[in-house]
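A quick write-up on the structure given underneath.
The values are calculated or read from the model by the stated rules, or taken from the named source; none is laboratory data. Every value quoted in this text rests on a predicted model; they were computed, and no experiment measured them. Methodologically, a virtual Cβ is constructed for each residue, glycine included, from the backbone with ideal geometry; neighbour enumeration extends over all protein chains shown.
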C-alpha cells in the first residue's frame, strides 16, 4: 500500500477525529513517539503527551515478545515490512507506565506529514481474546480427557460407523488400539441375535429410531468382545450434533455381573446349605460359645449320627481336657478365640475327641464372621494325623539313605551349585586316598585336578561347563582326570545327576575308576597302529570298513584320491567317500563294498569306472574288494584296494580325439562333422524344429597371411574359433573344413528370427578387432545359410546350398549373411518396392517434420527442439518413423532423407522461430550410413552455406554410439571438424549400446541423451534408476551436457532433477507437433509446479531414492482404491496388497530398506499406524463396494483422503530429515488424489 498524504486544509478535522478515536493511535518516526491520541495515553498509563518526548516503542515494551523474539529485533523486522509495503499488521506486547503488560494487535500504515513519511499505528487490546482462546483450548483438552478417562464405555457413531471411543470401550471390548475399533458398525461388535431372540440389525433399527425421535433411548443390549465372549449391557443411545453433523453417542455399563449376581443370589441361597453340608473339610459354627450348625464331615469325623447330637455342645465338650502341648483346653480355647477376634482369623493345631474317646490331630482355622449382625465363630479343620506319620517316615527314610550312600561300593559325592563337595561316601575317600570324608568336604573337583585336562582343556572352565550342563539338562556324563591326596593321577568317568534335597538343588556325582580300562585300550591301540602302518606303506589306495559299510581305515594314497582326510572319512558310510560313476553314461556305479558285504565274495570293478574326488576332480581307477572274516567266519568288514589309471585312459582318449578334430583349432573336422550332421538332422525331425546349416568364410584373411605370415594367420584362426564357440550354445556344432572356412550347425530353433539373432551375434563377435602381438587386425565374415526342413535336402546338398548363399553374401559386400530361401528372395523384392515408394514420398513432399520441445525443468526455460520425421501418406495418414525408417537405414536412401531433414529444420527454424525471436537449437538424428560417408563434412558445409540465415550453432546432430564402432579415430576427427563449424553433437539413446568409457572419452560429443527405456520405468525398476545415475555421473565426470528422453509424468521430472539431470523431453512435457503449432505451444507453456518446488534443491544421495519411489507407490495404491469406487475400475491389487500393510509396495519398502535407513527417526516410526489405518479403511471401502453399499463406500472415501493427507504430511517431515542442508524447507507435491 502506498504512503497516504494528509491535506493541510483538513488538518483540524483530522486532529479532532484522531484525538477522539476510541482505538489508541500513535505516530512514530525512526522509533520515536511523535504523538498519540487520548485512548493511547490512557492505555499506556500516561498523564499527558509531554511524557511522550522521552519514550520510544522499545521503552514501552518488555525485552522479549510473547513469541520469544527480542523486541528490538522484531521491531526492526516489522519496520522494514511497513516501509516496503506501506502497511503491516502484527501482534505486540506493550508495557504500561506502572510496568504491567498488555497484548495488542497493531495495524501500521505509512502516511506523509509535512512531506515526511511517518508511521501511523492504531491498535486494539487482544488480551481478553487470547485469554478466551486459551480457556477454550483448555476446555477442549479437559473434555477430551473426561471422555477418554470416563468410567463408562462410550463410542461415537457417524452414519453407523464408529468414529471415536474412549479407553473403557476399548478395554471392555478387548481392543488394543483405537484404530482397531474405529470404522466398525454396531453389528460388527454385537452377536447376530440379541438376548430376546431378535435379530441385531432389526433391534438396532428400532433403538436408533427411538433415539432419533426422543433424542435419547435406554435399553439392554448384548455386545461381543474380540475373543467372541458376550457382554450384557444397559446402553443409552443419545443423538447429538457436532460441527453440524449428526452423531450417535452410545454409552453403556456392564450389567452382566449385576444380572449374574442376582441369579447367583437366588441360587446361592438354595445352594449355600448344600455347599456347607457337602464341604470336604469339617466345619462347625459357634455363637456365644455354643455350636449352632455343622456339616456332614464334622459329624462323620467326630462320630455323631445326627446334627442334633452335636448342636448345643461347646468346644470343650468335643476336646480332651489337656492339649498335646500340655496346656489346659479351656485356657488354649480362650487364647485362640481372642486372637481370631483381634485378627479376624487364627490357624493352630488342636486335638479333638471322637464320641468313642479316640483323639484326632487337626489343623484348625478359626475365623470370626458376622451373620445377620451377630458374631459367629467359623471353625474349619483338617485331619493332619497322616501328615505327621509321613513326616516321621521321611526322617527314617533319610537316615536309611545316609547308610546306603555311605556304604555304596561306587565312589559317590554330593556337590553344591558352587562346585564344592558337600558330602562323599567311604568309597570316594578310599579312591582318592584321604583319611576321612571331612578332609574332602569343601573341596572342588578342580582343586583335585591338574590345571589342564589331558585333552588340553582348562580344568576350572571345563568343571564350570559340566555343572552348568547338568543343572540345565539334569544329567551329564564325561571323562575327568583327578589327583589323589598323594599327588598320583587317576582317570575317571563321572556321571552327574541333578537332585533336590529339602528344596535345595544338589549334584550327585558317581565316579568310575578307568585305570584298568585305559591300560587295555592302550594295548589295543598299539596293535591297531601296527596294522594301519602296514596298510599305509602299500602303493595302492586302501580303505577298510566294518560290517555296516562304515570306514574304519583309509591310507594316505586313498586320502589323496578321494580328497578325504582320514580324520574326516573314518566313521562315514563308504558311499559318501568313495563316489564312482560310469565314464560314459555318468550313472553312479554300485560300490563293490556293498556287493562284498552282501555276498561275502571278492568283487572287481568294471572298466571305465571314474572316481569323483571331494573337490570334483576325477580319476579313472581299477580296483578290487574282498571280505574280512574272523576265525569263526563272522564277517568283520571289507577291504577295498584301488589305483589311478587316468594317464592310460587319457592316452587312449587323445588318439580317438585326434581322429575327429582339427589339430589347429580343436574343432570337429569333416569326419566328425558328418556324424554330428546326421544327429542334428535326426533331432530336427524328431523335435519338429529348425536346423540352421551355416557355412562361414573369413573376409580379408588372405591379406593377413600375406602381410604377417602363416603363424599369425594360424593364431588368428584360433582367436576366431574361440569367439565362435562363445557366440553359440554348447549343443551347437562349429567345425572347420580347412583354410578359413567353417561350418556351423545351429539346432533347436523355433523360427528364422531366432536364427537371425544368433547369426548377427556371430558376425559382430567375429568382426570385432583382434589384437595379436601388438598388431590390431580387422576382418569380417560372410555366412551362407540353409534351413532344414524348409530346405528339405540331405547333408551334402544343404552344405552346397549354404556355400552358394555364402558366395552371394560376399558378392553383396561381405560382412553379412545370406539366406538360401525362396521366400526370403521374394521378401527382398518387396523391400525394394517399399524403398521405391519411400523415395517417391521424398520426391513428392509427403515427408514432414514434427518437433518435440526440450525443457530445463529447473528454471522452466525451453532450451531446444528435436526434429522428428513423419510420413503423411495419402491413403494411410500419418505414418510413424519406425514403420519405414529401419528399412531406409539399410540403403543409401537414408542419406537423401537425412540431408532433406537438415535442410527443412534449418529453413523452418529461420522462417518461423528465429524471426519470432526464439533462439532454439534444433537437433536432427543422423543415421550411421549417412554419418560414415567419406564426404559427410563437405555435404554438411554445403547445406549450411545454403541457409546462412540459420546459424550453425543452432544445429545439433544426434548420432548413436554404434556409429563410432567402425573407425573411432575417423569419427572423432569428423566430430571435431563439424564442431569447428559451430555444429553441436549429441549421443542418442546413451546407455543402450556399448557405453564404453573408452568410447565416451574419445567421442567429443557435447551432450549425452539418456534413453527413454530407462526413464520410463525408473520409478518402478531400481536397476533403471541405478543406470540413470551412472549415466549422470559419467556426464559429470566427462563434462558433458545431459538430457533425458521419456519424461512422461511430473514424478519422472522430479526424480531426474534430484538425480542431477535438469533437461528433459517427453510426453509429460509435450508430444511432437507440427512446426506451425510450436510457437502457440511455447506461448502457453508453464512448467509443472512440482518442478518449481525442487528448483533450488541439491542432488540427493541415491540411497534416499527408494523413499521417493515408495511414496509414488503409496499414492498409486490409494488412487487404485478410489478409482474402483468412482469409476468402477477393476482392482489390480492382490488381496494381500489390499489388506496387509506389510505386503503392499510401500510396506515392503517400509519394513526393509526404510526400516534399515530411517528406523531410528521418529518421523519414520510415526508413519506405521497411519499406514495401517489406511489399509483398514481401504479394505472396508472395497468390501462396501463389493457388497453394493456404494453410498457408504463413497462416504468412507473421504476418510481415506484425510488419511492420505496425513501420511503425505508425515512423509514431508521424513523428506525434511532425509534432505541435507536447508533443502528440507521444500514442500513435496503429489498427484492430486483429492477426490472421487
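Among the candidates 363, 375, 316, 333, single out the residue that is in contact with a strand residue (DSSP E or B) (Cβ under 7 Å, 6 or more places away or on another chain) and either in a loop (DSSP other than H, G, I, E, B) or free of Cβ contacts under 8 Å to residues at least 60 places away in the same chain (or both). Before you say what the answer is, go through the steps one by one.
Working: 375 fails: either in a loop (DSSP other than H, G, I, E, B) or free of Cβ contacts under 8 Å to residues at least 60 places away in the same chain (or both); 316 fails: in contact with a strand residue (DSSP E or B) (Cβ under 7 Å, 6 or more places away or on another chain); 333 fails: in contact with a strand residue (DSSP E or B) (Cβ under 7 Å, 6 or more places away or on another chain).
Among 363, 375, 316, 333, only 363 is in contact with a strand residue (DSSP E or B) (Cβ under 7 Å, 6 or more places away or on another chain) and either in a loop (DSSP other than H, G, I, E, B) or free of Cβ contacts under 8 Å to residues at least 60 places away in the same chain (or both).
Yes or no, residue by residue, for (1) modelled with pLDDT under 90; (2) in a helix (DSSP H, G or I); (3) in contact with a helix residue (DSSP H, G or I) (Cβ under 6 Å, 6 or more places away or on another chain):
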{"residue": "1152", "(1), (2), (3)": "yes, yes, no"}
{"residue": "1156", "(1), (2), (3)": "yes, yes, no"}
{"residue": "1169", "(1), (2), (3)": "no, yes, no"}
{"residue": "1173", "(1), (2), (3)": "no, yes, yes"}
{"residue": "1205", "(1), (2), (3)": "yes, yes, no"}
{"residue": "1213", "(1), (2), (3)": "yes, yes, yes"}
{"residue": "1229", "(1), (2), (3)": "yes, no, yes"}
**Q.** Leading residue by the ranking (surrounded by the fewest Cβ atoms within 10 Å (Cβ to Cβ)) among those in the range 213-251 that are in contact (Cβ under 8 Å) with a residue 40 or more places away in the chain, farther than 18 Å from residue 196 by Cα and touching a strand residue (DSSP E or B) at 6+ places or on another chain (Cβ under 7 Å)
**A.** 245
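Across the range 278-300, what is the number of residues that are surrounded by fewer than 18 Cβ atoms within 10 Å (Cβ to Cβ) and part of a helix (DSSP H, G or I)? Give the derivation first.
Taking the range 278-300 and keeping what is surrounded by fewer than 18 Cβ atoms within 10 Å (Cβ to Cβ), we get 278-281, 287-290, 292, 296, 300.
Within this subset, residues satisfying the condition of being part of a helix (DSSP H, G or I) are 278, 296, 300.
Adding up the residues that qualify gives 3.
Out of the strands (runs of 3 or more DSSP E) lying entirely within the range 734-777, which hold 1 or more residues that are assigned by TED's automatic domain parsing to the domain that holds residue 813 and at pLDDT 95 or above? Please lay out each step first, then the result.
On the way: elements: 741-749, 770-772, 775-777.
Per the criteria, 741-749.
So which of 631, 586, 614 is part of a loop (DSSP other than H, G, I, E, B) and modelled with pLDDT of 90 or more?
Result: 614 is the single residue among 631, 586, 614 that is part of a loop (DSSP other than H, G, I, E, B) and modelled with pLDDT of 90 or more.
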Q.
I need the full set of residues from the range 751-787 which are over 21 Å from residue 727 (Cα atoms) and in contact with a helix residue (DSSP H, G or I) (Cβ under 9 Å, 6 or more places away or on another chain), in order please.
A. 773, 775
Q: Report yes if some residue within the range 419-430 is under 30 Å from residue 345 (Cβ atoms) and in contact (Cβ under 8 Å) with a residue 24 or more places away in the chain; otherwise report no.
A: no
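Just one of 766, 771 is surrounded by fewer than 19 Cβ atoms within 10 Å (Cβ to Cβ) and under 48 Å from the mean Cα position of the chain (by Cα); which is it? Talk me through it step by step, then tell me what you get.
Numbers: 766 fails: surrounded by fewer than 19 Cβ atoms within 10 Å (Cβ to Cβ).
Every option except 771 fails the conditions.
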Q.
Let me spell it out: the conditions are (1) at pLDDT 90 or above; (2) surrounded by 16 or more Cβ atoms within 10 Å (Cβ to Cβ); (3) farther than 27 Å from residue 1010 by Cα, and residue 1070 meets all of them except one. Which number is the exception?
A. (3)
Q: Please note which strands (runs of 3 or more DSSP E) are completely contained in the range 35-130 and include at least 3 residues that are more than 60 Å from the chain's Cα centre (by Cα), in contact (Cβ under 8 Å) with a residue 12 or more places away in the chain and within 29 Å of residue 16 (Cβ to Cβ).
A: 101-113, 116-125
Q.
List the helices (runs of 4 or more DSSP H) inside the range 420-523, counting only whole elements, that have at least 2 residues being over 53 Å from the mean Cα position of the chain (by Cα).
A. 426-431, 437-440
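Let's see how each residue does on (1) touching a residue at least 12 places away in the same chain (Cβ under 8 Å); (2) under 60 Å from the mean Cα position of the chain (by Cα); (3) loosely packed, with under 11 Cβ neighbours inside 10 Å; (4) assigned to a helix (DSSP H, G or I):
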position	(1), (2), (3), (4)
338	no, no, no, yes
382	yes, no, no, no
389	no, no, no, yes
399	no, no, yes, yes
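Of the residues 412, 489, 496, which is exposed (fewer than 14 other Cβ atoms within 10 Å of the Cβ), touching a strand residue (DSSP E or B) at 6+ places or on another chain (Cβ under 9 Å), under 18 Å from residue 514 (Cβ atoms) and touching a residue at least 12 places away in the same chain (Cβ under 8 Å)? Lay out the reasoning, then the answer.
On the way: 412 fails: exposed (fewer than 14 other Cβ atoms within 10 Å of the Cβ); 496 fails: exposed (fewer than 14 other Cβ atoms within 10 Å of the Cβ).
Among 412, 489, 496, only 489 is exposed (fewer than 14 other Cβ atoms within 10 Å of the Cβ), touching a strand residue (DSSP E or B) at 6+ places or on another chain (Cβ under 9 Å), under 18 Å from residue 514 (Cβ atoms) and touching a residue at least 12 places away in the same chain (Cβ under 8 Å).
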Q: Hey, could you check the range 991-1006 for residues that are touching a strand residue (DSSP E or B) at 6+ places or on another chain (Cβ under 8 Å) and at pLDDT 75 or above and say which is surrounded by the most Cβ atoms within 10 Å (Cβ to Cβ)?
A: 1005
Q: Report, by residue number, each residue of the range 615-641 that is within 50 Å of the chain's Cα centre (by Cα), surrounded by fewer than 18 Cβ atoms within 10 Å (Cβ to Cβ) and under 20 Å from residue 587 (Cβ atoms).
A: 616, 617, 618
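If you scan the range 340-360, which residues turn out to be in a strand (DSSP E or B) and under 15 Å from residue 283 (Cβ atoms)?
Pass one, the range 340-360, residues in a strand (DSSP E or B): 345-353, 359-360.
Answer for the range 340-360, where residues must be in a strand (DSSP E or B) and under 15 Å from residue 283 (Cβ atoms): 345, 347, 350, 352, 360.
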Q | Output for the range 143-179, where each listed residue is surrounded by fewer than 17 Cβ atoms within 10 Å (Cβ to Cβ) and in contact with a helix residue (DSSP H, G or I) (Cβ under 8 Å, 6 or more places away or on another chain) | A | 148, 149, 150, 151, 152, 159, 160, 167, 176, 177, 179
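Specify which of the listed residues (974, 906) is under 30 Å from residue 834 (Cα atoms) and touching a residue at least 24 places away in the same chain (Cβ under 8 Å). Show your work before the answer.
Working: 974 fails: under 30 Å from residue 834 (Cα atoms).
906 is the lone residue from the list that is under 30 Å from residue 834 (Cα atoms) and touching a residue at least 24 places away in the same chain (Cβ under 8 Å).
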